[in-house]
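In what follows, a single structure is set out as structure tokens and then discussed.
Derivation of every value follows stated rules applied to the coordinates shown; laboratory data play no part. Fair warning: this is a prediction, and the values are worked out from it, not measured in the lab. A quick note on method: Cβ atoms are made from the backbone with ideal geometry, for glycine too, and the neighbour counts reach across all protein chains shown.
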Amino acid sequence: MLFAGIDIGSTAAKAVLMSEDKREIVARNLMPSGWNSRETAERLLSWLMSLGYSRDDIRIIATGYGRVSVPYADSTLTEITCHGKGAAFLGGDDLTVIDIGGQDTKVIIIKNSRVIDFVMNDKCSAGTGKFLEVMANRMGLTLPEFFALAEHGKDIKISSMCTVFAESEIVSLMGLGTPREDIACGAVGSVVSKVATLVSKKASSGKYYLTGGFCESPLLIRKLSETLGSEVFTTPDARFAGAIGAALLGK
Amino acid sequence: MADYHAMWESLGMDVKTHDLLCEALPGAFGDVYLSQENRPEGMDYFNMVVAEIHGIRPAELVEHKKNGGKVVGTFCIHVPDEIPIAAGAIATGLCSGSQFWVPGGEKKLPAATCPLIKASLGARFDRTCPFFRLADLFVGETTCDGKKKAWEILAEDAPMYIMDIPQMKRPKDYEHWEDEIHGYLKRCEELTGNKVTPANLRAAIKLLNNKRKALQRLAEFRKLDNIPISGKDVLLITQIAFYDDPARITAQINKLCDELDERAKNNVSVFKKGAKRILLTGTPLSIPNWKLHHLIETLGGAVVCEEMCTGIRYYEKCVDESGSTIDEMIKHLTERYMGAIHCACFTPNFERIDDIKRLAKEYKADGVIDVNLKFCNIYDTEGYFVERELNNAGIPVLGIETDYTDQDAEQLKTRIGAFIEMLGN
Ligand code: SF4
Ligand code: SF4
């Protein structure tokens, strides 16, 4: 029996297949969640089946906010439990996991590889991936282009707390001729400070560990480490943390 | 359902708009309540009361008024119902728990006002709740700032009487509240034209103590390992207790408890084995606000206790029955109504934290969910201590902020679902 985890997030859908002993990631796949989570889930199933196993050989656990749209899953779990478990697999038994997702950001406290506490941002999208997506869009950039630009920017302060207001603030900054790299850099700084506030709400455990789509953004990791005053660890596989955790929790 | 349109018309209600509420309620009630398996038969009475929530009881109040009786409506459990009852009036709760009334309140109140206050004003100004038409006196209190200022607006349309509740619990504050209750007694006498006698007041104290004892008897079943009744059913009964006839509901609760005694003997549980036991604490859940109980109990949890005004704070402690003069009895009412209710409008309010820890133990809670109605500043702020002290005591706690809409249902599902998963590993 192999174990698969399907994590349908608001922006990206992730799937991993893990070995029988759950020690190794056999295969991974990432695709945009798109408009229709059900279709995305079906595409992930075809991918899984294309690996050469039959459905009966695999136990499938779904997570993420689109977990209900995975009709073929054997069971479902919330993304908090799965992210915690997956992060512990990647980063160690005691962690303060910081997951910056497309729509919400969460801080999960792990002790002895168990979730003991967590906090999520409120309805507002400031401090999430959405915020940066909106800002990049406004500047006519893709997210990777946006990050590349931000690397060369100076830190300026975006004072608006709310995504909608921050967007108009950026428009007026552009109107004033503020360099685009500075604006991008400032936007990343804004997300980092929101995330740090969320982190400060809970007593931390072990080292900081970043999961989610930004685990390959050196600028964000660097800024987050500076703001928290302690190194933030991560690995490229950390974007699969939810799916890994789901697979690990399959029984 | 019987047709109450003529009565509603005669009460000056906006019947057309009110019909929308009447259409929505049965569906919501069916989804949340009637879909439960293995419900006690004794719930039938309460089902019926809710099905005709704006019919049966209002009709009784209309009858009472026809015979010259008066109706007194209240918004806070610090205000003793014994007083209007002793003066021959009917007391009814007026707290509103539906989004239906919120937009009406928003016409007059700032957006950053808690939904309970908005809904209460909306129910009056939009003329869509019979209880808000029937009350001859609306008793407000100076608890939180939101209510305090809202009463001034409500007073433009409704006959208000305001009681000044202290913010601290020093001896002089008790004296002040005692004085306020004396004033309330006078006001109720004026309203009804009846003199309150020691015998009447003693009878009212007994009557309401009996209701409390019945509710506490019901709560005791939730301490069992096999819980014979769902948390949302108990919530419903508590909510109904705010406006139903006290003697009748006491009898109905006791009848239900007899049935539960049988269930307990046979170890009947309405929950799956391993359901996580949740204690709720925080702001009130007024009827028909069943959202959190419903979410928790469909996600594998069992609500075992509410450290709330619509919960244990309403019934756990009784009024001392030993008084023989009016003055003595009012002293005892003061002790109960100020001393035994730990609302965040007091400073400090550490007794509440002690209560939460004690109740978590008594009801064997696996975790605590601290609920805050959006824009309730005092409970939100107190959440700092709730969380810290429960952490120190090793009791898992989840803080949640919500309102009367269903917009956050998905986010709440994730948070509560993750919390229950966390308690299970
Ligand atoms: S929460 Fe406080 S102000 Fe509100 S009803 Fe309860 S005791 Fe009164
Ligand atoms: S919930 Fe809070 S803000 Fe609302 S009425 Fe009660 S104490 Fe006031």
- Item | Taking B:Ile287, B:Ile227 and counting other C-beta atoms within 10 Å, the order from fewest to most | B:Ile287, B:Ile227
- Query: Any idea how far apart B:Asp327 and A:Arg23 come out in nm if each label point goes 7 Å out from Cα toward Cβ?
  - Reply: 8.4
- What angle do you read, to the nearest 10 degrees and between 0 and 90, between the alpha-carbon axis of helix A:180-199 and the longest principal axis of chain A? 60
- In terms of modelled amide H atoms, which long-range or inter-chain residues lie less than 5 Å from the amide H of A:Ile58? A:Leu2
- So what are the ³J(HN,Hα) numbers for region B:401-410, from phi and the Karplus equation (6.51, -1.76, 1.60; θ = phi - 60°), rounded to whole Hz, Gly and Pro as x? 10, 8, 10, 8, 7, 9, 4, 9, 4, 5
- Note on the structure: At q = 0.18 1/Å the base-10 log of I(q)/I(0) from the Debye formula over the alpha-carbon atoms of region A:32-91 is -0.72
- Cα extents of region B:219-369 along the three principal axes, largest first (Å): 51, 36, 28
- Measuring from the lowest to the highest alpha carbon on each principal axis, how far does region A:1-102 reach, largest first, in angstroms? 36, 33, 20
- Item | Residue pairs, from the table A:Lys194/B:Lys361; B:Lys66/B:Lys107; B:Lys148/B:Lys331; B:Lys272/B:Lys357; B:Lys273/B:Lys357; B:Lys211/B:Lys272, whose Cα atoms sit over 28 Å apart | A:Lys194/B:Lys361; B:Lys66/B:Lys107; B:Lys211/B:Lys272
- Message: If you average 1/r across every pair of different Cα atoms in region B:46-89 and take the reciprocal, what Kirkwood value do you get, in Å?
- Response: 11.9
- When DSSP beta bridges are limited to those with both residues in the protein assembly as shown, what percentage is antiparallel, rounded to the nearest 5? 35
- Message: Restricting to Cα pairs below 8 Å that are 6+ residues apart, what does the relative contact order work out to for chain A? Please round to a whole percent.
- Response: 25
- Förster-model FRET efficiency, 22 Å R0, A:Arg43 and A:Asp74, C-beta, rounded to 0.05: 0.70
- Computed FRET efficiency, Cβ-Cβ of A:Asp122 and B:Ala199, R0 51 Å: what is it to the nearest 0.05? 0.40
- Query: Taking the simple approach of a point 7 Å from Cα along Cα-to-Cβ for both B:Ala111 and B:Thr347, what is their distance in nm?
  - Reply: 2.8
- Query: In square nanometres, what is the average projected area of the Cα convex hull of the protein assembly as shown?
  - Reply: 32.6
- Task: Using only alpha carbon positions, build the gyration tensor of region A:152-198, then give the equivalent ellipsoid semi-axes as the square roots of 5 times its eigenvalues, largest first, whole angstrom.
- Result: 18, 13, 6
- Stick to the Cα atoms of chain A, pair each with every other, and give me the Kirkwood hydrodynamic radius in Å at one decimal. 18.5
- Quick one: go through region A:92-113 and flag any residue whose amide nitrogen is under 12 Å from the point 7 Å out along the Cα-to-Cβ line of A:Lys207. A:92-96
- Starting from the Cα of B:His182, move 7 Å in the Cα-to-Cβ direction to define the label point; list residues of region B:197-227 whose amide nitrogen is under 17 Å from there. B:197-198
- Residues with amide H under 5 Å of B:Glu141's amide H, sequence separation 5 or more or different chain, H placed in the peptide plane at 1.01 Å from N; which? B:Met163
- Note on the structure: Listed by chain and number, the residues whose amide H is under 5 Å from that of B:Met160, excluding neighbours fewer than 5 places away on the same chain and using placed H, are B:Phe138
- A:Thr142 versus B:Glu362: modelled label distance in nm, points set 7 Å from Cα along the beta carbon direction: 6.2
- Query: Relative contact order for chain B using alpha-carbon pairs under 8 Å, separation at least 6, rounded to a whole percent?
  - Reply: 17
- Task: List the aspartates and glutamates whose Cα lies under 14 Å from the Cα of B:Lys364, skipping any in the same chain that are fewer than 8 positions away.
- Result: B:Glu220, B:Asp225, B:Glu306, B:Glu307, B:Asp355
- Task: Find out how many positive minus negative residues lie around A:Asn29, taking Lys and Arg as positive, Asp and Glu as negative, among other residues whose Cβ is under 10 Å from that of A:Asn29.
- Result: +3
- Which angle between 0 and 90 degrees, to the nearest 10, do you get for helix A:79-91 versus the longest principal axis of chain A when only C-alpha atoms count? 90
- Which percent, nearest 5, of DSSP beta bridges in chain A are antiparallel? 60
- Phi-based couplings in Hz for region B:105-114 (Karplus 6.51, -1.76, 1.60; Gly and Pro marked x): x, 5, 5, 10, 10, x, 4, 7, 10, 5
- Task: Just tell me how shielded B:410-417 is by partners: mean number of partner chain Cβ atoms within 10 Å of each residue's Cβ, no decimals.
- Result: 5
- Task: Could you pull out the chymotrypsin sites (Phe, Trp or Tyr not before Pro) across region A:6-66 that fall in loop regions by DSSP (anything but H, G, I, E, B) with no more than 10 other Cβ atoms inside 10 Å?
- Result: A:Trp35
- Would you work out if chain B is rounded, prolate or oblate? Take a ≥ b ≥ c from the square roots of the eigenvalues of the alpha-carbon gyration tensor; rounded if a/c is under 1.5, else prolate when a/b is larger than b/c, oblate otherwise. rounded
- Query: Of all DSSP beta bridges in region A:1-103, what percent run antiparallel (nearest 5)?
  - Reply: 60
- Query: Quick one: longest stretch of chain A between exposed loop GluC sites (Glu not before Pro), exposed meaning at most 11 other C-beta atoms within 10 Å and loop per DSSP?
  - Reply: A:25-251
- Item | Coil-residue trypsin sites (Lys or Arg not before Pro) of region A:135-201, DSSP, other Cβ within 10 Å capped at 15 | A:Lys154, A:Lys157, A:Lys201
- Residues A:Lys157 and B:Asn47, FRET efficiency given R0 of 51 Å [Cβ-Cβ distance, rounded to 0.05]: 0.30
